[in-house]
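Student: Structure in structure tokens, see below.
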Amino acid sequence: MTTTADIREAHERGDHELVLRLTDGVLAQRPGDDAAHEFRARALLALGRPEEAERHAADAVRLDPEEVRYRELLAQALSAIGAHRDAAGEYNRLSRDDPHQTAWTVAEAEERLGAAQPGMGVDAARRALRLAPNNGRAQLALSNALARTGDGRGALRAATVASELLPNDPEAHEALADASWLVGEDAAAFDEFRALAGQLTGSNRDRVLRKVRTLYRRQAGPVGRVVAAIGPLFRLAFERGWLSVDR
């Protein structure tokens with residue numbers, strides 16, 4: 001008979017397909033096994049099946065509403081399916097029950113942005129920073145939330161601190177570039193975007209290039225606008241350091 005220890009061992013090895021096979025059998029016999037629902041949800045998340053993961057995480061919470069681990073898993077699954085407002089609510093509930101767990105408050109702040117609730121994101125980030133002033137993720141969340149509310153100077157202050165606390169985190173440096181741009185410090189933003197573009201790949205790099213291209217186009221003269229209009233030409237000129245903006 002399959003035991004929870006068997007499932008946990010498969011989970012710890014990263015054998016997600018085996019976890020699904022084992023939990024299939026367990027839940028067929030014991031649909032109220034909350035641990036099996038938990039491990040199944042974790043395996044489904046790892047396999048990129050968040051909708052199914054959310055259902056099993058919700059079952060685990062229903063079976064044992066007081067288990068913090070299950071509620072955190074449910075919040076993660078809700079975030080993965082794009083239900084950011086519900087995820088924020090779960091993180092808020094967790095942080096109310098244990099306000100010293102700063103990570104949950106930071107996670108709430110991040111989810112509030114995804115839920116188009118930047119004001120509530122600012123509040124959550126500030127709650128986290130009252131507990132841990134040197135928490136770089138909280139400073140980053142605060143910067144992003146303030147930028148969404150239009151507080152450019154506040155966003156720039158928070159992003160500056162975040163980039164100092166998280167010197168190797170591209171998200172912090174992108175927030176710094178965004179905030180610099182928001183307050184009209186175009187040259188500083190351009191330089192940050194250039195450094196970022198050299199570090200990133202794929203869709204993240206494409207996003208930064210779109211931003212810097214827009215920034216450059218707004219300042220460029222007629223020739224510069226032609227360069228900005230031709231994607232490959234702009235990327236070549238930008239990467240070679242041939243482009244700049246006024247300070």
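Derivation of every value follows stated rules applied to the coordinates shown; laboratory data play no part. No experiment lies behind these values; they were computed from the predicted model shown. Glycine also receives a Cβ, built like all others from the backbone with ideal geometry; neighbour counts cover every protein chain displayed.
Student: Which value in deg cm²/dmol, rounded to the nearest 500, describes the helix-derived mean residue ellipticity at 222 nm for the chain, given -39,500 (n - 2.57) per DSSP H run of n ≥ 4 and division by the residue count?
Tutor: -25000 deg cm²/dmol
Student: Sticking with this one: Distance from the Cα centre of the stretch 101-125 to that of the stretch 218-246, in angstrom?
Tutor: Answer, in whole Å: 36.
Student: Oh, and also: What's the Cα-based Rg to Rh of the chain, Rh via Kirkwood?
Tutor: That ratio equals 1.10.
Student: So which residue, out of Ala155, Ala77, Ala220, gets the largest mean-square fluctuation from a GNM of the chain using Cα contacts under 10 Å as springs?
Tutor: Its mean-square fluctuation being the largest, the pick is Ala220.
Student: Between Arg8 and Thr149, take the C-beta separation as r, use R0 = 35 Å, and let me know the FRET efficiency to the nearest 0.05.
Tutor: The value I calculate is 0.20.
Student: With everything on Cα atoms, drop me the angle between helix 84-97 and the longest principal axis of the chain, reported from 0 to 90° to the nearest 10.
Tutor: 70
Student: How far is helix 118-131 tilted, in degrees, relative to the longest principal axis of the Cα atoms in the chain, given as a value from 0 to 90 rounded to the nearest 10?
Tutor: 70
Student: Now, a different point. Quick check: net charge around Leu146, other residues with Cβ under 13 Å of its Cβ, Lys/Arg +1 and Asp/Glu -1?
Tutor: +2
Student: Rounded to the nearest Å, what's the spacing between the alpha carbon centres of the stretch 138-159 and the stretch 19-36? Just the number, please.
Tutor: 45
Student: With label points built 7 Å along Cα→Cβ from the Cα atoms of Arg85 and Asp246, find their separation and express it in nm.
Tutor: The answer from the label model is 4.4 nm.
Student: Can you work out the FRET efficiency for the pair Asp169 and Met1, with r the C-beta to C-beta distance and R0 = 51 Å, to the nearest 0.05?
Tutor: 0.65
Student: Shifting gears a bit: Given a Förster distance of 22 Å, report the FRET efficiency between Arg207 and Ala187 from their Cβ-Cβ distance, rounded to the nearest 0.05.
Tutor: Efficiency computed from Cβ-Cβ geometry: 0.60.
Student: Apply the Kirkwood formula to the stretch 1-81: the hydrodynamic radius equals the inverse of the mean of 1/r over all pairs of different alpha-carbon atoms; give it in Å with one decimal.
Tutor: Every distinct Cα pair counted, the radius reaches 12.1 Å.
Student: Once both labels are modelled 7 Å past Cα along the beta-carbon direction, what's the Leu233-Arg218 spacing in nm?
Tutor: 2.3
Student: To the nearest 20 debye, what is the magnitude of the charge dipole of the stretch 102-183 about its Cα centre, counting +1 on the Cβ of each Lys and Arg and -1 on the Cβ of each Asp and Glu?
Tutor: Computed about the Cα centre, the dipole is about 320 debye.
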